[in-house]
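The values are calculated or read from the model by the stated rules, or taken from the named source; none is laboratory data. Model, not experiment: these values are computed from the prediction. Here the Cβ positions follow ideal geometry from the backbone for every residue, glycine too, while neighbour counts run over all protein chains shown. When the accessible area is computed, the model is the full protein with side chains, heavy atoms only, and any ligands, DNA or RNA have been set aside. Shrake-Rupley method; radii C 1.70, N 1.55, O 1.52, S 1.80 Å.
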Amino acid sequence: MRANASAGPKRARLSETRGGVTVVVLAAGKGVRMNSRIPKVLHPVAGRPMLLWSMAAARALDPERTLVVTNPNQDGVQSALNGEGETVPQREQLGTGHALSQVSAEHRTTGPVVVLYADAPLLRSETLTQLLAAHKKTEAAVTLLTAVLDDPHGYGRIIRARNGAFRSIVEDKDASKEQQQIREINSGVYCFRGRELWPALEKLENTNKAHEYYLTDVVALIKGKVHTMLVADAREILGINDRRQLAQAEHVMRGRILDSLMSQGVTVTDPGSTFVDADVSIGQDTVIHPFSTITGRSVIGEDCVIGPMTQVRDSQVGDGCRIERSHLEQVKIASNVTVGPFSRLRPGTELAEGVRVGTHTEIKNSRIGTGSAVPHFSYLGDAVVGANVNIGAGSITANWDGFEKNVTEIDDGVYVSCDTIFVAPVRVGSDATTAADTVVTKDVPAGSLAIGRADMKIVEGYTARRRARHRPSKAAKQ
């Protein structure tokens, strides 16, 4: 790079590795317009960071190497990659051409080099595969992915000769008024031939209004054929620069996810009010009703009914379950379980086959055995409940003693009457019963009845005496 010798690497001999595809993901942008403390490429789209959408698209090319150009001053990018690909630091953000120039000599191979952006999460793997195939078929030095937009503002324009042949790319900042009317734009996704790319990159200059090293200028410096491929769906190349565009990408991606689920046999009664993350799995013939949100890495079985108004996050739900107007987070549910309406299952909860959880019930870090029921208005925290147990309305486990959480154990076949309080740690043996309004403060043997309430007293004639005390006198009436 002539204008700033320190900005790019010194000229180096190309690696002798041939044939393998190199993918370079540009992820070092500051994302100022996001107005966020979080790096732009880590903002999620359908539950997955934008960067990881680009990485997933790149995997379809089966690349020999994947390089991610990052800003070393941004936290969290390395952990998000989780060892996938190899990061290349770009310590100064001097443009897209400068970013690509940070690739070191050992990675500068002569084979295909696919360049894409980490802030374009809608790019499909199928499109990248077609781009690479077209590049190889035409034996071009560079193949560009282009799109036609109704509003091309902000994008580089594709300039063509009268016969339609590609001539050049003009950045939006540098385009004339006439050129700004052109609707075909450069998507920023390229497939280069390495032996032409790297020498051309060394000649790149920053003689433009922004004084940046444009990757688009490399196209003009490359000696060889330039081929273009028009993307079928222009939404694929949407770049995310602010929160509005992030919301647009979210809308498109969630539509794709729901469309895929419906094609696999899932019923979504109202896609406009249903939200499912990218890493969710849902079984055949499950029905999702409106205003339901299924996020994280949740797995929903077959023949379930989810919603309406249900939130499921990072949870596993077995076949044949019904979850209505409830909130589940990090729970495991076996088959044929019903939950709700208006119940909350918190992290660490496990429900066995056939469990019934009714209305206004909260369960946290507890295991409920096969066939047991917590019908309504109860709280179970840090509890181990056996099979075929009935928990009466208004029952709770008092699991917190002010210093630590304690466990309540309720064995098989126990019948818990209404308004029972278990003061943990405590254990109730199998086939035992608690009387209504009992406070259980010690272990209950198997087959026993626990009664822990005050004796009831009957005061006869009380009502008449109370009314007499409050009956107004004749003088007061006058």
(Q) Go through the stretch 272-303 and report how many residues are part of a loop (DSSP other than H, G, I, E, B) and either within 28 Å of M55 (Cα to Cα) or open to solvent by less than 20 Å² (accessible area, probe 1.4 Å) (or both). (A) 10
Q. Within the stretch 360-378, restricting attention to residues that are hydrophobic (A, V, I, L, M, F, W, C) and more than 18 Å from A424 (Cβ to Cβ), which residue is surrounded by the most Cβ atoms within 10 Å (Cβ to Cβ)?
A. A373
Q: Could you list, in sequence order, all residues of the stretch 228-243 that are over 23 Å from A27 (Cα atoms) and open to solvent by 50 Å² or more (accessible area, probe 1.4 Å)?
A: L230, A232
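What tally of residues in the stretch 390-427 results from selecting those that are among the aliphatic types (A, V, I, L, M) and in contact with a Phe, Trp or Tyr (Cβ under 8 Å, 6 or more places away or on another chain)? Explain how you work it out, then say what you get.
Let us first name the residues in the stretch 390-427 that are among the aliphatic types (A, V, I, L, M), namely 391, 393, 396, 398, 407, 410, 414, 416, 421, 423-424, 426.
Filter once more, keeping what is in contact with a Phe, Trp or Tyr (Cβ under 8 Å, 6 or more places away or on another chain): 393, 396, 398, 410.
Result for the stretch 390-427: 4.
Quick one: which residue in E139, E196 is acidic (D, E), within 16 Å of V113 (Cα to Cα) and surrounded by 14 or more Cβ atoms within 10 Å (Cβ to Cβ)?
On the way: E139 fails: surrounded by 14 or more Cβ atoms within 10 Å (Cβ to Cβ).
Result of the check over E139, E196: E196.
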**Q.** Residue count for the stretch 339-355, restricted to those that are out of contact with any Gly (no Cβ under 8 Å at 6 or more places or on another chain) and either part of a strand (DSSP E or B) or open to solvent by less than 10 Å² (accessible area, probe 1.4 Å) (or both)
**A.** 6
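Which one of R37, R33, R11 is open to solvent by 90 Å² or more (accessible area, probe 1.4 Å), at pLDDT 50 or above and either assigned to a loop (DSSP other than H, G, I, E, B) or of a type in the set (A, V, I, L, M, F, W, C) (or both)? Quick ask: steps written out before the conclusion?
Numbers: R33 fails: either assigned to a loop (DSSP other than H, G, I, E, B) or of a type in the set (A, V, I, L, M, F, W, C) (or both); R11 fails: at pLDDT 50 or above.
Answer to the selection: R37.
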Q) Using beta carbons and a limit of 7 Å, which pairs, at least six apart or on different chains, have the first residue in the stretch 160-178 and open to solvent by 60 Å² or more (accessible area, probe 1.4 Å) and the second one assigned to a loop (DSSP other than H, G, I, E, B) and not basic (K, R)? A) R167/A161; K173/A210
(Q) Restricting to the stretch 315-338, count the residues that are open to solvent by 50 Å² or more (accessible area, probe 1.4 Å), in contact with a Lys or Arg (Cβ under 6 Å, 6 or more places away or on another chain) and closer than 16 Å to S298 by Cα. (A) 2
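Which one is farthest from the chain's Cα centre (by Cα), of the residues in the stretch 49-100 that are small (G, A, S), within 25 Å of G111 (Cα to Cα) and assigned to a helix (DSSP H, G or I)?
From the stretch 49-100, those small (G, A, S) are 54, 56-58, 60, 76, 79-80, 83, 85, 95, 97, 99; that's our starting set.
Narrowing further to those that are within 25 Å of G111 (Cα to Cα): 54, 56-58, 60, 83, 85, 95, 97, 99.
Within this subset, residues satisfying the condition of being assigned to a helix (DSSP H, G or I) are 54, 56-58, 97, 99.
Details: S54: 14, A56: 14, A57: 16, A58: 19, G97: 31, A99: 28 Å.
The selected residue is G97.
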(Q) For the structure I just gave you, tell me whether L246 is in contact with a Ser or Thr (Cβ under 9 Å, 6 or more places away or on another chain) and open to solvent by less than 30 Å² (accessible area, probe 1.4 Å). (A) no
Q: Test each condition in (1) in contact with a Phe, Trp or Tyr (Cβ under 8 Å, 6 or more places away or on another chain); (2) in a loop (DSSP other than H, G, I, E, B); (3) among the basic types (K, R) for R254 and report the one that comes out false.
A: (2)
Q) Can you tell me which of K209, K225 is surrounded by 14 or more Cβ atoms within 10 Å (Cβ to Cβ), closer than 28 Å to C191 by Cα and not hydrophobic (A, V, I, L, M, F, W, C)? A) K225
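Residues are listed down the side, and each one gets a yes or a no for (1) touching a Pro at 6+ places or on another chain (Cβ under 9 Å); (2) part of a strand (DSSP E or B); (3) surrounded by fewer than 18 Cβ atoms within 10 Å (Cβ to Cβ):
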| position | (1), (2), (3) |
| --- | --- |
| L380 | no, yes, no |
| A393 | yes, no, no |
| F403 | no, no, yes |
| F422 | no, yes, no |
| R427 | no, yes, no |
| S430 | no, no, yes |
| A436 | no, no, yes |
| A446 | no, no, yes |
| R453 | no, no, yes |
